[in-house]
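S.K.: If you scroll down you'll find the structure; I have some questions about it.
The values are calculated or read from the model by the stated rules, or taken from the named source; none is laboratory data. Everything quoted here is computed from the prediction, not taken from an experiment. Neighbour counts run over all protein chains shown; Cβ positions are idealised from the backbone, glycine included. Heavy atoms of the whole protein, side chains included, go into the accessibility calculation; ligands, DNA and RNA do not. Shrake-Rupley method; radii C 1.70, N 1.55, O 1.52, S 1.80 Å.
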Amino acid sequence: MTSDHAPTSGRPAEPPGLPRQADQSGRAIPYRTTLTTALPFDDVLALVDEALAVWLKQEGHDEPPPADRSPRTERLRLGERVLLDRDTGPLPVSAEAPATPTPATASDTTTPDHGSDHGPARGLASGGTPPVGPTGRYARRRLRTPDGAHRTHLLTVTIATAVPTAAPAVAPTGTPTAAGGEEPLVLRLEADHLTAGPPVRSPGRVPVPEVARILLPLLDAHDGPAPLTAQPRVVTPAEVDDLIDQLCDPERRLAAVVASVPPSTPLEEWLADQVQPVLHQLTGLASLHVLDHAALPLFNVAFEFHKVYGGAVRTYLPEVDPASRADAGRHQVLATRRMSEDTRRAAGLLAREPRQIAADIPVPPALAAVPPLIVPPEHRQPVRSRTASEAPRPRADERRRRSAPRPARSGSRLCVAPVAPVAVPAGAGLPSVAALRAPAEAAFARLARDIAADKELVPESFGELVCRFAEFPLLQFTGDEKETVALDGQPDGSGWARLAWDGLTALQEYAAAAVRGEAGGDFKAWCEHTPPGCHHFPPRKAVRWESRTVESHAKWKRERMLPVPPCVDVSRRAFMGAHLRIGGGSTAPRLHYLDDCSGSGRIYVGYIGQHLTNTRTN
């Protein structure tokens with residue numbers, strides 16, 4: 001059994017030096033999957049709309065209004081840079097010879113969106129007559145949401161179903177009659193990143209969209225005979241023959257991943273600690289199975305040349321030949337050692353081949369017949385305006401900052417205008433001392449007001465700092481607010497809060513340069529060579545990493561395994577050794593962070609609180 005996961009699917013080798021996670025243009029590999037379901041068309045469309053509404057609400061965007069089931073195309077603006085396109089209608093007569101729609105004019109169409117649409121036919125956006133005698137119907141939802149300053153996340157869900165050839169006549173609206181029925185519905189889900197503006201280094205591949213995790217448990221989805229589930233399916237001895245039939249069935253087009261359990265480890269413990277984190281990036285891309293202790297020997301006896309055991313995970317590509325020893329080399333194994341050493345890397349290795357297989361699957365005829373998306377101006381809807389009761393009310397500190405005039409700034413320093421010389425009229429005597437001092441006193445008074453206004457911009461407590469964290473768009477606080485707010489009870493809490501704010505300001509400016517590839521190093525180097533006009537943070541207070549003693553101490557290291565989003569690490573934890581010294585004394589508060597500007601384009605602050613345990617703490 002091969003110990004490393006090195007895919008060998010028979011595709012041409014990639015150019016040397018090009019990572020498998022990115023295409024030739026440097027763009028992240030998109031997420032694409034195609035599945036089938038026996039649920040009715042209207043039920044699936046309702047589930048898709050509901051899943052999108054749930055996700056939009058979770059992200060703080062407006063929910064879209066209920067969709068009209070009549071054939072039409074519309075664009076909804078749900079917020080700043082948030083667009084939802086919806087279209088539905090009958091499919092053309094055939095994918096090979098699509099019906100010719102009514103000719104479009106410049107006044108009733110817009111440039112078609114390019115990307116994941118299939119088929120050469122035009123949509124119904126221009127108001128033309130739908131094709132006569134359609135062979136099925138389709139619906140599509142395309143959602144654009146901002147992902148940082150220069151990147152847009154594009155999510156497209158397309159469903160289509162065809163009427164069997166022997167089906168009776170259909171209604172004029174394109175809905176098949178109940179007697180004739182419809183073929184199994186085909187659903188394609190795609191996610192991609194669109195980048196504009198300054199170049200931003202994208203992660204290797206687009207993460208699995210949360211909409212896929214919401215939808216999959218509801219759809220009863222299948223890949224041929226293999227069920228597609230969000231969580232791995234536990235296989236018992238009675239289900240071993242069925243699993244083997246699924247692996248060998250020629251109708252299966254996606255990969256199938258089968259995990260084993262070590263003999264001495266309970267099934268539930270192994271699932272939670274190893275299997276689920278490693279399979280987290282495979283949602284919708286492969287059928288997922290886990291052999292329990294009793295099923296494992298039965299499976300290995302029947303699959304003599306394609307065994308899996310000892311806690312390893314094996315990826316079975318389509319068209320398995322159980323009688324061929326040579327065929328076993330195509331279906332690679334991820335060893336237990338790899339998973340225990342680095343779960344995040346193991347999950348990426350395991351998802352690489354199934355993702356590529358899912359992207360390379362030929363588009364089914366029903367989806368290929370879906371016309372391209374064209375949204376005419378008359379179907380574009382404005383963003384829903386908030387009512388007075390829904391409009392968020394600014395906090396007291398925000399109202400104070402808006403009402404008070406802000407001082408002029410040059411970098412992080414106040415701009416002070418030079419004092420104008422005192423004009424002495426010709427023939428007049430020397431001015432008095434009071435007259436000479438008056439302009440200087442006025443200038444110093446203005447400076448004092450500017451300094452006071454500048455202090456108002458800096459939070460005086462950690463409670464206010466946490467509330468204003470959203471002012472740093474490239475920083476995300478993932479820690480426990482209680483640990484942070486507890487610092488307000490210390491005598492020096494106000495000064496620590498101001499220093500922490502200075503550090504966050506510098507981190508924000510560093511992150512803005514890092515995502516563009518202009519930082520010239522890490523944050524410590526940024527502090528040592530702060531560019532002109534940027535906020536300076538003392539380099540001696542920026543620490544790159546923890547000591548080797550802390551890293552090797554299991555308990556101390558565990559304290560620094562702090563929360564991160566799943567797009568950073570599927571375990572939702574990451575070691576944050578880099579930190580800022582924001583105070584001294586016996587409390588010695590620290591701010592721990594993870595610099596992921598080269599990945600997700602963010603810096604994650606996982607802890608602000610008193611010094612964590614090390615050799616100097618009690």
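S.K.: Quick one: which residues, 5 or more positions from R137 or on another chain, have an amide H under 5 Å from its amide H? H modelled 1.01 Å from N in the peptide plane, none for Pro or chain starts.
M.R.: L91, T161
S.K.: Under the Karplus relation 6.51 cos²θ - 1.76 cosθ + 1.60, θ = phi - 60°, what is the ordered set of whole-Hz ³J(HN,Hα) values for region 520-535, x standing for Gly and Pro?
M.R.: x, x, 8, 5, 4, 5, 4, 5, 6, 9, 5, x, x, x, 9, 5
S.K.: May I ask you to rank R352, R544 by accessible area, largest first, using a 1.4 Å probe over the protein chains only? Intermediate results must be reported in sequence, preceding the final value.
M.R.: Numbers: R352 50, R544 120 Å².
From most accessible down to least: R544, R352.
S.K.: Quick one: if the Förster radius is 35 Å, what FRET efficiency do A272 and S494 give, using the C-beta to C-beta distance and rounding to 0.05? Intermediate results must be reported in sequence, preceding the final value.
M.R.: On the way: r = 43 Å, r/R0 = 1.24.
Calculated transfer efficiency: 0.20.
S.K.: Another question, if that's okay. Given N residues in region 285-371, what is its alpha carbon radius of gyration divided by 2.2 N^0.38 Å? It would help to have the intermediate numbers written out before the result.
M.R.: Working: Rg = 15.8 Å, N = 87, 2.2 N^0.38 = 12.0 Å.
This ratio for region 285-371 stands at 1.31.
S.K.: Follow-up. Under 25 Å Cα to Cα from K524, which lysines show up? Leave out anything in the same chain fewer than 8 places away.
M.R.: Here the lysines satisfying the reach criterion relative to K524 are K541, K557.
S.K.: Roughly speaking, what is the stretch gain from R325 to L194, that is 0.36 nm per residue apart minus the C-alpha to C-alpha distance, in nm to one decimal?
M.R.: Details: separation 131, 0.36 × 131 = 47.16 nm, distance 4.39 nm.
Here the segment from R325 to L194 would lengthen by 42.8 nm.
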